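Data block below; observations after.
The values are calculated or read from the model by the stated rules, or taken from the named source; none is laboratory data. Keep in mind the model is a prediction, meaning the values are calculated, not measured. Cβ atoms come from the backbone with ideal geometry, glycine included; neighbour counts cover every protein chain shown. Surface accessibility is based on the protein's heavy atoms, side chains included, excluding ligands, DNA and RNA. Shrake-Rupley method; radii C 1.70, N 1.55, O 1.52, S 1.80 Å.
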Amino acid sequence: RGLFFTLNKLKLTVLGDIGCYTLGAVAPLAAIDSTLCMGASVSGIHGFLKAGGDPKKTVAVIGDSTFMHSGMTGLVNIAYNESPATVIILDNSITGMTGHQQNPTTGYNLKGDPCTKIDLETLCRSVGIRRVRVVDPYNLSQCETAIKEELEADEASVIISRRPCALLKYVKHKKPLTVDASKCVGCKSCMRIGCPAISIVDGKAAVDATLCVGCGVCQQLCKFDALQGHEEV
């Protein structure tokens, strides 16, 4: 959500792909402009830029599993043809869309046995991408800075947005946030990320403790310090 919120904020053209992250196309994030087939975002941005798209205002997004499935070849094409494309790999460390299967980046095969783990950073550099960086999608300022800097670069770049899927059983969450009603002015800024844990009750923000994972993204949007907590379990 933090990464898509940033893409929406910057008003970028976003070539999307097939995966759980395709939900980033719907309101209020509304941060994906095209979705065609697996791997099409990476090859698509190369063609889009060749056809006259603005490399300073365009990015491609693709999940780690989809990237391994059919995104790598598009990235090779970008490097080979020296396209100034910015590709964002949404690394949630699992195959989320189809039920949490392992993939070549997780270090486990489909049977759950340890196996060779593909390092995304090394892989991207090995095909010729010199600019590769990792960001935390829970950190809005970090995401915005990285995206702006890579868009300004006159060469291809890869941003890896890395956070494991919140639905994985072994992921340790932080305590749910709480709302200080005396500070909340009902501006609804926290609603802009479309978090299912946040709602408005009697004109004030409310957090459902059964859904909140304590990511803290909403806290970064609140100018009144009404959202509090964010402590380790």
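Laid out as a table, the results:
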read-out	value
Relative intensity, log₁₀ I(q)/I(0), of region 98-143 from a Debye sum that treats every alpha carbon as a point, q = 0.17, 0.25, 0.26 Å⁻¹	-0.71, -0.89, -0.89
Neighbour net charge for ALA40 - beta-carbon separation under 14 angstrom, K R +1, D E -1	-2
For region 2-11, 3J(HN,Hα) per residue [Karplus equation, 6.51 cos²θ - 1.76 cosθ + 1.60, θ = phi - 60°, Hz, x = Gly/Pro]	x, 5, 5, 4, 5, 4, 5, 4, 7, 6
Gaussian network model of the chain, springs between alpha carbon atoms under 10 Å - residue of TYR108, TYR138, TYR170 with greatest fluctuation	TYR170
Unit charges at the beta carbon, dipole of region 1-128: most positive-side option, PRO28, PHE4, MET38	PRO28
Links that overshoot a 25 Å alpha carbon limit, given the list LYS111/LYS174; LYS9/LYS175; LYS172/LYS223; LYS174/LYS204; LYS9/LYS169	LYS111/LYS174; LYS9/LYS175; LYS172/LYS223; LYS9/LYS169
Packing-based order for 21-27, 111-117, 42-48, using average beta carbon neighbours within 10 Å, highest first	42-48, 21-27, 111-117
DSSP-defined beta bridges in region 1-117 - what % are antiparallel, rounded to 5	20
Cα shape, region 1-110, gyration tensor, a/c 1.5 rule	oblate
Percent of beta bridges antiparallel (DSSP, the chain, rounded to nearest 5)	30
Anisotropy class of region 1-48 from Cα gyration tensor, a/c 1.5 cut	oblate
With every protein chain in place, the chain: carbon and sulfur % of accessible area (1.4 Å)	55
Gaussian network model of the chain, springs between alpha carbon atoms under 10 Å - residue of VAL87, VAL127, VAL135 with greatest fluctuation	VAL127
Solution diffusion estimate, µm²/s, Stokes-Einstein, region 124-233, Kirkwood Rh from C-alpha pairs, 4 °C, viscosity 1.567 mPa s	82
Cα shape, region 35-87, gyration tensor, a/c 1.5 rule	prolate
For region 70-127, the spread of Cα positions along each principal axis, largest first, Å	39, 22, 15
Fraction of beta bridges assigned by DSSP in region 65-170 that are antiparallel (%, nearest 5)	15
Lone cysteines, the chain (no partner Cβ under 4.7 Å)	CYS20, CYS37, CYS115, CYS124, CYS143, CYS165, CYS184, CYS187, CYS195, CYS212, CYS215, CYS222
